[in-house]
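Only one structure is covered here, and it is reproduced in the block below.
Every read-out reported here was derived from the displayed coordinates using simple, explicitly stated rules and does not represent laboratory data. Here the structure is a predicted model, which means the values were calculated and not measured. In this analysis, Cβ positions are derived from the backbone assuming ideal geometry, glycine residues included, and neighbour counts consider all displayed protein chains.
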Amino acid sequence: MPTFVYMTRCDGCGHCVDICPSDIMHIDTTYRRAFNIEPNMCWECYSCVKACPQNAIDDRGYADFAPLGHSVRVLREPEKGVISWRLQFRDGREKNFVSPIRTTEWGSIKGPAEYDAPSAEDFDKQELAHEPEYLNIEGGLPALRPDQLKQGLV
Ligand code: SF4
Ligand code: SF4
């Protein structure tokens, strides 16, 4: 469900532009407000929704999520550590649900250059850089065991 910006709520701070991994949030040069330049290329990661201090970004639900005539209101509530979703159908019914968000301070996450450089052996491993220790997983990455498969392994 790609995002769009309510330009009357946006103050042009640019947080969504900075955080968008698809580089599709841009500032309109005339009105100094953000807009999604290419909804088809939206990852639907909602990083922009979470980052917007003005709650100016909502998303357009697909037909399998809600039929035409609906609205999807997404509200970032950092004090509760959640994103609140309000889905209103055209017949007036509502669905409300929340999903958790990370609440660490903006800029408090270490950048890639601040981690130790990978060794030559690291390049031969299956794990990505700093896995599993930086995922805070003890005992290695989770993996399926044969006895967990429905029919087992032959
Ligand atoms: Fe960019 Fe993600 Fe927002 Fe889409 S949902 S506009 S990819 S930050
Ligand atoms: Fe506008 Fe929100 Fe983007 Fe800031 S983060 S530019 S207020 S849409």
Segment 1-16 to segment 81-154: how many Å between their Cα centroids? 26
What do you get when you divide the Cα radius of gyration of the chain by 2.2 N^0.38 Å, with N the number of residues? 1.36
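How much length is gained if the chain between F65 and I109 is pulled fully straight, taking 0.36 nm per residue apart and subtracting their Cα-Cα distance, in nm to one decimal?
Numbers: separation 44, 0.36 × 44 = 15.84 nm, distance 3.33 nm.
Full extension from F65 to I109 adds 12.5 nm.
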If you average 1/r over all unlike Cα pairs in segment 29-119 and invert the result, what Kirkwood radius do you get in angstrom? 15.8
Ranked packing of 87-94, 134-141, most packed first, by mean Cβ within 10 Å: 87-94, 134-141
Helical mean residue ellipticity (222 nm; -39500 (n - 2.57) per DSSP H run of 4+; nearest 500) of the chain: -1000 deg cm²/dmol
Contour minus Cα-Cα distance for Q148 and E94 (0.36 nm per residue): 15.6 nm
